[in-house]
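Since the structure comes first, as structure tokens, the remarks are kept for the end.
The values are calculated or read from the model by the stated rules, or taken from the named source; none is laboratory data. Source: prediction; values computed, not measured. Here Cβ is always computed from backbone atoms with ideal geometry, including for glycine, and neighbour counts include all displayed protein chains.
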């Protein structure tokens, strides 16, 4: 990819990251999630957009820790199941448009003051 397209992708990702930190839920200093409404990113629909240790990820939480132990409260970093990450999307125009439309949808959804999907 060119330096210009990489820069555009990084700008969109930074905007999403800041938005999640401001409008999402903080679990740790390096893990935030946003889940007001499901989002479609490329070819999948997920319930959560996450800022995880400096990266944007799309996925869901499970009721099982990464070590296989069942938990009642599935919303914690150890139960995060990433289905797509920023690394799965190129900086080409088509993938940047997926990111831009997802970000736009997140802001529109929040502006409608919808309730979060699940209790936190």
**Complete:** Quick count over the range 85-95, residues being within 21 Å of residue 21 (Cβ to Cβ) and either surrounded by fewer than 18 Cβ atoms within 10 Å (Cβ to Cβ) or at pLDDT 95 or above (or both), is 3
**Asked** Among the numbered criteria (1) outside any helix (DSSP H, G or I); (2) buried (at least 17 other Cβ atoms within 10 Å of the Cβ); (3) at pLDDT below 95, which single criterion is violated by residue 50?
**Response** (3)
**Request:** Considering only the range 1-28, state which residues are out of contact with any strand residue (DSSP E or B) (no Cβ under 6 Å at 6 or more places or on another chain) and either under 18 Å from residue 61 (Cα atoms) or part of a strand (DSSP E or B) (or both).
**Result:** 27, 28
**Condition check for residue 46: closer than 14 Å to residue 82 by Cα and either out of contact with any strand residue (DSSP E or B) (no Cβ under 8 Å at 6 or more places or on another chain) or touching a residue at least 40 places away in the same chain (Cβ under 8 Å) (or both)** = no
**Request:** Among the residues of the range 29-47, write down those that are more than 18 Å from residue 78 (Cβ to Cβ) and in a loop (DSSP other than H, G, I, E, B).
**Result:** 36, 37, 38, 42, 43
**Prompt:** Taking interchain pairs and intrachain pairs at least six residues apart, which have beta carbon atoms under 9 angstrom, with the first residue in the range 99-113 and more than 19 Å from residue 10 (Cα to Cα) and the second modelled with pLDDT of 90 or more and assigned to a helix (DSSP H, G or I)?
**Reply:** 110/19; 110/23
**Asked** Any residue at all in the range 30-39 that is at pLDDT below 95, surrounded by fewer than 18 Cβ atoms within 10 Å (Cβ to Cβ) and either over 9 Å from the mean Cα position of the chain (by Cα) or closer than 18 Å to residue 80 by Cα (or both)?
**Response** yes
